[in-house]
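Data block below; observations after.
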Amino acid sequence: MSTTALPGSAAPDEALAPPQTSPSPTGPVVGPGRWVEHWDPEDPVAWEHGGRRLARRNLGLSVYAEFLGFCVWALWSVVVPQLPAAGIPVTLGEQFWLVSLPALVGATLRVPYSFAVTKVGGRNWTVVSALLLLLPTLALAWSVSTQQGFGVLLACAALAGLGGGNFASSMTNISFFFPEAAKGRALGINAAGGNLGTGIVQMVIPAVVAVGAGIHLEYAGLVMVPLVLLAAVLAWRGMDNLREARSDLGSYRDACRRRDTWVISVLYIGTFGSFVGYSAAFPTLLVSQFPEQSPYIAFVGAVVGALTRPLGGSVADRLGGARVTIAAFAVMAAGAVGAVLALAQHSFVLFVASFVVMFAGSGIGNGATYRMIPAVFRAGVSAADLPRARRAAAACIGIAGAVGAYGGFLIPQGLRLARTELGSLVPALWVFVAAYVLMGLLTWVRYARRSSALAEHTV
(Lines give C-alpha, C1' and ligand atoms only; values in the text may rest on other atoms or scores of the structure.)
Protein backbone atom coordinates (compact mmCIF):
# COMPACT_ATOMS: atom_id res chain seq x y z
CA MET A 1 0.00 0.00 0.00
CA SER A 2 1.74 3.11 0.81
CA THR A 3 5.38 3.13 1.51
CA THR A 4 8.36 4.20 -0.39
CA ALA A 5 10.53 1.87 -2.34
CA LEU A 6 14.19 2.47 -2.99
CA PRO A 7 15.92 0.31 -5.64
CA GLY A 8 18.74 -1.95 -5.42
CA SER A 9 20.02 -5.40 -6.06
CA ALA A 10 21.82 -8.57 -5.09
CA ALA A 11 23.20 -11.81 -6.68
CA PRO A 12 21.03 -14.83 -7.49
CA ASP A 13 20.73 -17.61 -5.00
CA GLU A 14 21.46 -20.60 -7.21
CA ALA A 15 19.47 -22.95 -5.00
CA LEU A 16 16.32 -20.89 -5.29
CA ALA A 17 16.47 -18.88 -8.49
CA PRO A 18 16.60 -19.83 -12.18
CA PRO A 19 19.81 -19.00 -14.05
CA GLN A 20 20.14 -15.31 -14.94
CA THR A 21 22.45 -13.36 -17.12
CA SER A 22 25.07 -11.26 -15.36
CA PRO A 23 23.52 -7.87 -14.69
CA SER A 24 25.09 -4.56 -15.51
CA PRO A 25 26.91 -2.99 -12.54
CA THR A 26 24.36 -0.17 -12.69
CA GLY A 27 21.39 -2.53 -12.75
CA PRO A 28 19.70 -4.66 -10.09
CA VAL A 29 21.38 -7.77 -8.72
CA VAL A 30 19.23 -10.28 -6.85
CA GLY A 31 20.83 -11.75 -3.74
CA PRO A 32 20.22 -14.69 -1.39
CA GLY A 33 16.56 -15.34 -0.76
CA ARG A 34 15.86 -13.18 -3.83
CA TRP A 35 16.19 -10.00 -1.77
CA VAL A 36 16.90 -6.84 -3.75
CA GLU A 37 18.81 -4.11 -1.94
CA HIS A 38 18.56 -0.33 -2.49
CA TRP A 39 15.88 -0.57 -5.16
CA ASP A 40 15.16 2.79 -6.81
CA PRO A 41 12.80 2.66 -9.80
CA GLU A 42 13.13 6.45 -10.19
CA ASP A 43 16.80 6.02 -11.18
CA PRO A 44 16.63 5.96 -15.02
CA VAL A 45 19.99 4.22 -15.39
CA ALA A 46 19.14 1.38 -13.03
CA TRP A 47 15.64 1.16 -14.54
CA GLU A 48 17.00 0.66 -18.05
CA HIS A 49 19.75 -1.75 -16.95
CA GLY A 50 17.55 -4.51 -15.62
CA GLY A 51 15.12 -2.66 -13.37
CA ARG A 52 12.29 -2.58 -15.90
CA ARG A 53 12.72 -6.26 -16.71
CA LEU A 54 12.71 -7.24 -13.03
CA ALA A 55 9.61 -5.14 -12.33
CA ARG A 56 7.71 -6.58 -15.28
CA ARG A 57 8.56 -10.14 -14.27
CA ASN A 58 7.21 -9.53 -10.78
CA LEU A 59 4.10 -7.88 -12.22
CA GLY A 60 3.33 -10.83 -14.48
CA LEU A 61 3.65 -13.39 -11.69
CA SER A 62 1.70 -11.14 -9.32
CA VAL A 63 -1.18 -10.90 -11.79
CA TYR A 64 -1.39 -14.71 -11.97
CA ALA A 65 -1.37 -15.12 -8.18
CA GLU A 66 -3.97 -12.37 -7.72
CA PHE A 67 -6.08 -13.83 -10.54
CA LEU A 68 -6.25 -17.13 -8.63
CA GLY A 69 -7.12 -15.23 -5.46
CA PHE A 70 -10.18 -13.73 -7.15
CA CYS A 71 -11.06 -17.15 -8.60
CA VAL A 72 -11.10 -18.69 -5.12
CA TRP A 73 -12.94 -15.67 -3.70
CA ALA A 74 -15.72 -16.23 -6.25
CA LEU A 75 -15.95 -20.05 -6.13
CA TRP A 76 -18.96 -20.12 -3.86
CA SER A 77 -20.88 -17.81 -6.19
CA VAL A 78 -20.81 -20.68 -8.70
CA VAL A 79 -21.32 -23.55 -6.27
CA VAL A 80 -24.15 -22.15 -4.14
CA PRO A 81 -26.91 -22.01 -6.81
CA GLN A 82 -26.24 -25.70 -7.55
CA LEU A 83 -26.32 -26.96 -3.95
CA PRO A 84 -30.02 -28.01 -4.02
CA ALA A 85 -29.50 -29.93 -7.27
CA ALA A 86 -26.56 -31.72 -5.64
CA GLY A 87 -28.77 -32.85 -2.74
CA ILE A 88 -27.73 -30.21 -0.20
CA PRO A 89 -30.84 -28.36 0.97
CA VAL A 90 -30.30 -24.65 1.60
CA THR A 91 -32.87 -21.87 1.61
CA LEU A 92 -32.55 -18.80 -0.58
CA GLY A 93 -31.64 -16.70 2.46
CA GLU A 94 -28.90 -19.17 3.37
CA GLN A 95 -27.61 -19.02 -0.20
CA PHE A 96 -27.16 -15.26 0.04
CA TRP A 97 -25.20 -15.73 3.28
CA LEU A 98 -22.92 -18.26 1.60
CA VAL A 99 -22.10 -15.92 -1.30
CA SER A 100 -21.71 -12.77 0.80
CA LEU A 101 -19.56 -14.00 3.71
CA PRO A 102 -16.40 -14.44 1.58
CA ALA A 103 -16.59 -10.73 0.72
CA LEU A 104 -16.88 -9.76 4.39
CA VAL A 105 -13.84 -11.84 5.35
CA GLY A 106 -11.86 -10.75 2.29
CA ALA A 107 -12.46 -7.06 3.03
CA THR A 108 -11.36 -7.50 6.64
CA LEU A 109 -8.16 -9.31 5.63
CA ARG A 110 -7.04 -6.59 3.24
CA VAL A 111 -5.33 -4.44 5.86
CA PRO A 112 -3.19 -7.19 7.49
CA TYR A 113 -2.42 -8.67 4.07
CA SER A 114 -1.07 -5.36 2.80
CA PHE A 115 1.22 -4.96 5.80
CA ALA A 116 2.46 -8.54 5.48
CA VAL A 117 4.31 -7.59 2.28
CA THR A 118 6.45 -5.08 4.14
CA LYS A 119 7.12 -7.49 7.00
CA VAL A 120 8.20 -10.68 5.18
CA GLY A 121 8.82 -9.54 1.58
CA GLY A 122 6.57 -9.45 -1.47
CA ARG A 123 7.86 -12.67 -2.98
CA ASN A 124 7.71 -14.55 0.31
CA TRP A 125 4.19 -13.35 1.10
CA THR A 126 2.96 -14.20 -2.40
CA VAL A 127 4.13 -17.79 -1.80
CA VAL A 128 2.43 -17.92 1.61
CA SER A 129 -0.81 -16.28 0.46
CA ALA A 130 -0.98 -18.60 -2.55
CA LEU A 131 -0.54 -21.70 -0.38
CA LEU A 132 -3.23 -20.40 2.00
CA LEU A 133 -5.68 -20.73 -0.90
CA LEU A 134 -5.44 -24.50 -0.45
CA LEU A 135 -7.55 -24.12 2.72
CA PRO A 136 -10.72 -22.77 1.05
CA THR A 137 -10.40 -24.97 -2.04
CA LEU A 138 -9.98 -28.21 -0.08
CA ALA A 139 -12.60 -27.16 2.48
CA LEU A 140 -15.10 -26.55 -0.32
CA ALA A 141 -14.39 -29.96 -1.87
CA TRP A 142 -14.76 -31.74 1.48
CA SER A 143 -17.90 -29.91 2.63
CA VAL A 144 -19.92 -30.46 -0.54
CA SER A 145 -18.74 -34.04 -1.15
CA THR A 146 -19.77 -35.02 2.41
CA GLN A 147 -22.96 -32.91 2.22
CA GLN A 148 -22.36 -30.92 5.38
CA GLY A 149 -25.02 -28.75 6.97
CA PHE A 150 -25.40 -24.99 6.57
CA GLY A 151 -23.20 -24.08 9.55
CA VAL A 152 -20.21 -26.03 8.23
CA LEU A 153 -20.79 -24.76 4.71
CA LEU A 154 -20.82 -21.19 6.03
CA ALA A 155 -17.49 -21.71 7.83
CA CYS A 156 -15.94 -23.17 4.67
CA ALA A 157 -17.31 -20.28 2.59
CA ALA A 158 -15.72 -17.82 5.02
CA LEU A 159 -12.32 -19.34 4.23
CA ALA A 160 -12.75 -18.20 0.62
CA GLY A 161 -12.20 -14.69 1.95
CA LEU A 162 -8.48 -15.53 1.95
CA GLY A 163 -8.64 -15.00 -1.80
CA GLY A 164 -9.99 -11.48 -1.30
CA GLY A 165 -7.07 -10.51 0.89
CA ASN A 166 -4.65 -11.32 -1.93
CA PHE A 167 -5.68 -8.21 -3.85
CA ALA A 168 -4.37 -5.85 -1.17
CA SER A 169 -1.02 -7.56 -0.73
CA SER A 170 -0.53 -7.85 -4.49
CA MET A 171 -1.28 -4.17 -5.11
CA THR A 172 0.97 -3.13 -2.24
CA ASN A 173 3.83 -5.25 -3.50
CA ILE A 174 3.64 -4.08 -7.12
CA SER A 175 3.44 -0.42 -6.07
CA PHE A 176 7.06 -0.67 -4.87
CA PHE A 177 8.42 -1.96 -8.19
CA PHE A 178 7.46 0.85 -10.58
CA PRO A 179 8.35 4.55 -10.90
CA GLU A 180 5.61 7.12 -10.38
CA ALA A 181 5.23 7.64 -14.15
CA ALA A 182 4.50 3.93 -14.74
CA LYS A 183 2.85 3.02 -11.44
CA GLY A 184 -0.73 3.81 -12.45
CA ARG A 185 -0.62 1.62 -15.53
CA ALA A 186 1.10 -1.24 -13.66
CA LEU A 187 -1.46 -1.16 -10.85
CA GLY A 188 -4.28 -0.99 -13.40
CA ILE A 189 -2.99 -4.12 -15.15
CA ASN A 190 -2.56 -5.86 -11.81
CA ALA A 191 -6.08 -4.96 -10.65
CA ALA A 192 -7.80 -5.81 -13.93
CA GLY A 193 -5.97 -9.13 -14.19
CA GLY A 194 -7.13 -10.04 -10.71
CA ASN A 195 -10.73 -8.89 -11.21
CA LEU A 196 -10.93 -11.01 -14.35
CA GLY A 197 -10.61 -14.13 -12.19
CA THR A 198 -14.20 -13.69 -11.00
CA GLY A 199 -15.65 -13.88 -14.50
CA ILE A 200 -13.35 -16.67 -15.64
CA VAL A 201 -14.21 -18.91 -12.70
CA GLN A 202 -17.93 -18.32 -13.33
CA MET A 203 -17.40 -19.26 -16.96
CA VAL A 204 -15.25 -22.37 -16.45
CA ILE A 205 -16.39 -24.00 -13.21
CA PRO A 206 -19.96 -24.84 -14.34
CA ALA A 207 -18.44 -27.01 -17.09
CA VAL A 208 -15.95 -28.55 -14.67
CA VAL A 209 -18.56 -29.67 -12.12
CA ALA A 210 -20.67 -31.18 -14.91
CA VAL A 211 -17.90 -33.54 -16.09
CA GLY A 212 -19.22 -37.11 -16.01
CA ALA A 213 -22.68 -38.12 -14.82
CA GLY A 214 -24.42 -35.83 -12.36
CA ILE A 215 -23.07 -32.74 -10.60
CA HIS A 216 -19.70 -32.95 -8.86
CA LEU A 217 -19.40 -29.73 -6.91
CA GLU A 218 -16.20 -30.92 -5.21
CA TYR A 219 -14.45 -30.53 -8.57
CA ALA A 220 -14.83 -26.74 -8.18
CA GLY A 221 -12.33 -26.82 -5.32
CA LEU A 222 -10.12 -29.67 -6.50
CA VAL A 223 -9.46 -28.17 -9.93
CA MET A 224 -7.93 -25.12 -8.25
CA VAL A 225 -5.36 -27.09 -6.23
CA PRO A 226 -2.73 -27.62 -8.97
CA LEU A 227 -3.17 -24.01 -10.15
CA VAL A 228 -2.57 -22.75 -6.62
CA LEU A 229 0.52 -24.91 -6.22
CA LEU A 230 1.81 -23.62 -9.57
CA ALA A 231 1.35 -20.02 -8.39
CA ALA A 232 3.37 -20.73 -5.24
CA VAL A 233 6.18 -22.38 -7.22
CA LEU A 234 6.33 -19.58 -9.79
CA ALA A 235 6.41 -16.93 -7.07
CA TRP A 236 9.16 -18.83 -5.21
CA ARG A 237 11.25 -19.22 -8.33
CA GLY A 238 10.62 -15.95 -10.14
CA MET A 239 9.55 -13.13 -7.82
CA ASP A 240 11.69 -10.86 -5.64
CA ASN A 241 11.65 -9.22 -2.22
CA LEU A 242 12.48 -5.54 -1.77
CA ARG A 243 14.24 -5.09 1.54
CA GLU A 244 13.52 -1.38 1.69
CA ALA A 245 9.77 -1.74 1.16
CA ARG A 246 8.61 -0.63 4.59
CA SER A 247 5.30 0.11 6.26
CA ASP A 248 4.77 3.85 6.45
CA LEU A 249 2.43 4.23 9.41
CA GLY A 250 2.80 8.01 9.35
CA SER A 251 1.26 8.09 5.87
CA TYR A 252 -1.69 6.07 7.09
CA ARG A 253 -2.19 8.53 9.92
CA ASP A 254 -2.06 11.41 7.42
CA ALA A 255 -4.59 9.67 5.18
CA CYS A 256 -6.94 8.86 8.04
CA ARG A 257 -7.01 12.53 9.06
CA ARG A 258 -8.12 13.59 5.58
CA ARG A 259 -11.86 13.84 5.00
CA ASP A 260 -11.30 12.87 1.37
CA THR A 261 -10.02 9.44 2.38
CA TRP A 262 -13.41 8.58 3.83
CA VAL A 263 -15.39 10.27 1.07
CA ILE A 264 -13.51 8.26 -1.53
CA SER A 265 -13.93 5.09 0.54
CA VAL A 266 -17.70 5.59 0.42
CA LEU A 267 -17.53 6.11 -3.34
CA TYR A 268 -15.48 2.94 -3.65
CA ILE A 269 -18.18 0.97 -1.84
CA GLY A 270 -20.43 2.04 -4.72
CA THR A 271 -17.98 1.08 -7.46
CA PHE A 272 -15.74 -1.79 -6.38
CA GLY A 273 -18.24 -2.95 -3.76
CA SER A 274 -20.90 -3.18 -6.46
CA PHE A 275 -18.59 -5.24 -8.67
CA VAL A 276 -17.84 -7.73 -5.89
CA GLY A 277 -21.42 -7.83 -4.60
CA TYR A 278 -23.09 -8.30 -7.96
CA SER A 279 -20.48 -10.87 -8.98
CA ALA A 280 -21.23 -12.90 -5.87
CA ALA A 281 -25.02 -12.64 -6.11
CA PHE A 282 -25.74 -12.66 -9.84
CA PRO A 283 -25.74 -16.47 -10.43
CA THR A 284 -28.02 -16.97 -7.41
CA LEU A 285 -30.31 -14.16 -8.61
CA LEU A 286 -30.67 -15.75 -12.03
CA VAL A 287 -31.57 -19.16 -10.57
CA SER A 288 -34.05 -17.73 -8.06
CA GLN A 289 -35.78 -15.30 -10.43
CA PHE A 290 -35.59 -17.27 -13.69
CA PRO A 291 -35.39 -20.97 -12.76
CA GLU A 292 -36.46 -21.91 -16.29
CA GLN A 293 -33.28 -20.32 -17.74
CA SER A 294 -29.64 -21.37 -17.53
CA PRO A 295 -27.58 -19.21 -15.13
CA TYR A 296 -24.39 -19.84 -17.12
CA ILE A 297 -24.57 -16.39 -18.73
CA ALA A 298 -23.76 -14.88 -15.31
CA PHE A 299 -20.03 -14.86 -16.07
CA VAL A 300 -20.50 -12.12 -18.69
CA GLY A 301 -21.22 -9.51 -16.04
CA ALA A 302 -18.02 -10.09 -14.06
CA VAL A 303 -15.92 -10.21 -17.24
CA VAL A 304 -17.38 -6.90 -18.43
CA GLY A 305 -16.76 -5.34 -15.02
CA ALA A 306 -13.10 -6.40 -15.06
CA LEU A 307 -12.42 -5.34 -18.64
CA THR A 308 -13.99 -1.90 -18.25
CA ARG A 309 -11.86 -1.02 -15.22
CA PRO A 310 -8.80 0.04 -17.31
CA LEU A 311 -11.16 1.95 -19.61
CA GLY A 312 -12.45 3.95 -16.66
CA GLY A 313 -8.93 4.91 -15.64
CA SER A 314 -7.96 5.84 -19.18
CA VAL A 315 -11.00 8.06 -19.77
CA ALA A 316 -10.54 9.62 -16.33
CA ASP A 317 -6.98 10.60 -17.27
CA ARG A 318 -8.45 12.78 -20.02
CA LEU A 319 -11.71 14.01 -18.51
CA GLY A 320 -11.02 13.86 -14.77
CA GLY A 321 -11.86 11.10 -12.31
CA ALA A 322 -14.76 12.95 -10.68
CA ARG A 323 -16.67 13.45 -13.94
CA VAL A 324 -16.23 9.82 -14.99
CA THR A 325 -17.17 8.57 -11.51
CA ILE A 326 -20.40 10.60 -11.64
CA ALA A 327 -21.16 9.13 -15.06
CA ALA A 328 -20.45 5.63 -13.73
CA PHE A 329 -22.96 6.09 -10.90
CA ALA A 330 -25.53 7.32 -13.43
CA VAL A 331 -24.95 4.20 -15.53
CA MET A 332 -25.33 1.91 -12.51
CA ALA A 333 -28.52 3.69 -11.43
CA ALA A 334 -29.94 3.27 -14.95
CA GLY A 335 -29.02 -0.43 -14.87
CA ALA A 336 -30.79 -0.92 -11.54
CA VAL A 337 -33.93 0.74 -12.92
CA GLY A 338 -33.71 -1.58 -15.90
CA ALA A 339 -33.55 -4.58 -13.55
CA VAL A 340 -36.72 -3.38 -11.80
CA LEU A 341 -38.51 -3.18 -15.16
CA ALA A 342 -37.18 -6.61 -16.11
CA LEU A 343 -38.63 -8.17 -12.96
CA ALA A 344 -41.99 -6.50 -13.62
CA GLN A 345 -42.02 -7.99 -17.14
CA HIS A 346 -40.27 -11.22 -16.12
CA SER A 347 -37.84 -10.56 -18.95
CA PHE A 348 -34.68 -12.65 -18.64
CA VAL A 349 -32.93 -10.80 -21.48
CA LEU A 350 -33.63 -7.35 -20.01
CA PHE A 351 -32.60 -8.53 -16.53
CA VAL A 352 -29.24 -9.84 -17.77
CA ALA A 353 -28.67 -6.76 -19.94
CA SER A 354 -29.45 -4.45 -17.00
CA PHE A 355 -26.95 -6.20 -14.77
CA VAL A 356 -24.30 -6.12 -17.49
CA VAL A 357 -24.85 -2.34 -17.63
CA MET A 358 -24.36 -2.15 -13.86
CA PHE A 359 -21.20 -4.26 -14.11
CA ALA A 360 -19.86 -1.96 -16.84
CA GLY A 361 -20.60 1.09 -14.70
CA SER A 362 -18.90 -0.47 -11.69
CA GLY A 363 -15.79 -1.28 -13.73
CA ILE A 364 -15.55 2.22 -15.18
CA GLY A 365 -16.15 3.66 -11.72
CA ASN A 366 -13.40 1.49 -10.21
CA GLY A 367 -10.79 2.89 -12.56
CA ALA A 368 -12.04 6.47 -12.33
CA THR A 369 -12.25 6.54 -8.52
CA TYR A 370 -8.73 5.12 -8.20
CA ARG A 371 -7.51 7.82 -10.57
CA MET A 372 -9.09 10.50 -8.36
CA ILE A 373 -7.01 9.59 -5.29
CA PRO A 374 -3.55 10.87 -6.34
CA ALA A 375 -5.15 13.93 -7.93
CA VAL A 376 -7.04 14.80 -4.74
CA PHE A 377 -3.98 14.45 -2.53
CA ARG A 378 -1.76 16.35 -4.98
CA ALA A 379 -4.13 19.30 -5.36
CA GLY A 380 -2.69 22.54 -4.00
CA VAL A 381 0.41 20.85 -2.59
CA SER A 382 3.80 22.54 -2.91
CA ALA A 383 6.71 20.77 -4.59
CA ALA A 384 8.40 20.30 -1.23
CA ASP A 385 5.36 18.51 0.23
CA LEU A 386 4.65 16.41 -2.85
CA PRO A 387 6.50 13.24 -1.66
CA ARG A 388 4.46 13.22 1.56
CA ALA A 389 1.25 13.76 -0.41
CA ARG A 390 2.09 10.81 -2.67
CA ARG A 391 2.64 8.55 0.32
CA ALA A 392 -0.67 9.65 1.87
CA ALA A 393 -2.41 8.98 -1.47
CA ALA A 394 -0.98 5.47 -1.56
CA ALA A 395 -2.26 4.91 1.98
CA CYS A 396 -5.68 6.18 0.92
CA ILE A 397 -5.72 3.64 -1.92
CA GLY A 398 -5.22 0.87 0.61
CA ILE A 399 -7.86 2.19 3.01
CA ALA A 400 -10.42 2.75 0.26
CA GLY A 401 -9.74 -0.68 -1.20
CA ALA A 402 -10.46 -2.34 2.15
CA VAL A 403 -13.57 -0.27 2.93
CA GLY A 404 -14.91 -0.58 -0.61
CA ALA A 405 -14.75 -4.36 -0.52
CA TYR A 406 -17.38 -4.39 2.23
CA GLY A 407 -19.87 -3.51 -0.49
CA GLY A 408 -19.45 -7.10 -1.64
CA PHE A 409 -21.14 -8.15 1.60
CA LEU A 410 -23.71 -5.36 1.83
CA ILE A 411 -25.21 -5.81 -1.64
CA PRO A 412 -26.04 -9.56 -1.36
CA GLN A 413 -27.34 -8.99 2.16
CA GLY A 414 -29.56 -6.18 0.91
CA LEU A 415 -30.92 -8.47 -1.78
CA ARG A 416 -31.43 -11.24 0.81
CA LEU A 417 -33.43 -8.99 3.14
CA ALA A 418 -35.59 -7.69 0.31
CA ARG A 419 -36.31 -11.15 -1.04
CA THR A 420 -36.89 -12.99 2.25
CA GLU A 421 -38.57 -10.23 4.27
CA LEU A 422 -40.43 -8.31 1.57
CA GLY A 423 -40.88 -11.03 -1.02
CA SER A 424 -39.23 -9.14 -3.88
CA LEU A 425 -35.84 -7.87 -5.02
CA VAL A 426 -37.39 -4.59 -6.16
CA PRO A 427 -37.06 -2.68 -2.84
CA ALA A 428 -33.33 -3.49 -2.70
CA LEU A 429 -32.85 -2.34 -6.28
CA TRP A 430 -34.55 0.98 -5.53
CA VAL A 431 -32.26 1.42 -2.51
CA PHE A 432 -29.29 0.82 -4.83
CA VAL A 433 -30.62 3.45 -7.23
CA ALA A 434 -30.94 5.97 -4.40
CA ALA A 435 -27.43 5.12 -3.15
CA TYR A 436 -25.90 5.66 -6.60
CA VAL A 437 -27.70 8.98 -6.99
CA LEU A 438 -26.46 10.14 -3.58
CA MET A 439 -22.91 8.99 -4.31
CA GLY A 440 -22.95 10.78 -7.65
CA LEU A 441 -24.23 13.93 -5.92
CA LEU A 442 -21.52 13.61 -3.24
CA THR A 443 -18.86 13.34 -5.94
CA TRP A 444 -20.20 16.42 -7.70
CA VAL A 445 -20.46 18.54 -4.53
CA ARG A 446 -17.02 17.63 -3.27
CA TYR A 447 -14.98 17.40 -6.47
CA ALA A 448 -16.78 18.74 -9.56
CA ARG A 449 -19.00 21.66 -8.48
CA ARG A 450 -17.59 24.97 -9.73
CA SER A 451 -17.47 26.47 -6.24
CA SER A 452 -15.65 23.42 -4.86
CA ALA A 453 -12.06 24.01 -3.78
CA LEU A 454 -10.96 20.93 -5.75
CA ALA A 455 -12.90 21.62 -8.96
CA GLU A 456 -10.15 23.79 -10.46
CA HIS A 457 -7.70 20.87 -10.19
CA THR A 458 -9.84 18.61 -12.43
CA VAL A 459 -9.76 15.83 -9.88
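Structure summary
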item	result
Angstrom value of the Kirkwood radius, inverse mean 1/r, which spans all Cα pairs in the chain	22.3 Å
Rg/Rh (Cα only; Kirkwood hydrodynamic radius) as it applies to region 285-334	1.16
Candidate residues LEU454, LEU442: accessible-area rank, largest first, probe 1.4 Å	LEU442, LEU454
Sites VAL211 and GLU42, calculated FRET efficiency, Cβ-Cβ separation with R0 51 Å, nearest 0.05	0.50
By average C-beta atoms within 10 angstrom, highest first, the peptides 114-125, 420-431	114-125, 420-431
Per residue Cα convex hull volume in Å³ - calculated over region 79-173	82 Å³
Å² per residue, accessible surface of region 142-293 at 1.4 Å	35 Å²
Relative contact order, percent, region 131-192 [alpha-carbon distance under 8 Å, six or more residues apart]	29 percent
Relative contact order [Cα under 8 Å, 6+ residues apart], the chain, whole percent	22 percent
Principal-axis tilt of helix 224-238 within the chain, Cα atoms, nearest 10 degrees	10 degrees
Sulfur and carbon atoms: percent of accessible area, region 37-122 [1.4 Å]	64 percent
Accessible surface of region 348-446, 1.4 Å probe, proportion on carbon and sulfur as whole %	70 percent
³J(HN,Hα), Karplus 6.51/-1.76/1.60, whole Hz, each residue of region 255-263, x for Gly, Pro	5, 5, 7, 7, 4, 5, 4, 7, 4
Relative contact order of region 281-413, pairs being alpha-carbon contacts under 8 Å that are 6 or more residues apart, as %	27 percent
Residue (of ALA210, PRO283, PHE272) at the positive-pole extreme of the chain, dipole from beta-carbon charges	PHE272
Residues with amide H under 5 Å from that of ASN241, placed H, sequence gap 5 or more	TRP35, VAL36, ARG123
Ordering of 262-271, 65-74, 284-293, 347-356 by burial proxy (mean other Cβ atoms within 10 Å per residue, highest first)	65-74, 262-271, 347-356, 284-293
1.4 Å probe accessible area per residue over region 359-402, in Å²	31 Å²
Potential extension, VAL426-LEU227 segment - 0.36 nm per residue separation minus Cα distance	67.7 nm
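The values are calculated or read from the model by the stated rules, or taken from the named source; none is laboratory data. Given the structure is predicted, the values throughout are model-derived calculations rather than measurements. Cβ sites come from the backbone with ideal geometry, for glycine too, and all protein chains shown count toward neighbours. We work out accessible area using only protein heavy atoms, side chains counted, and drop any ligands, DNA or RNA first. Shrake-Rupley method; radii C 1.70, N 1.55, O 1.52, S 1.80 Å.
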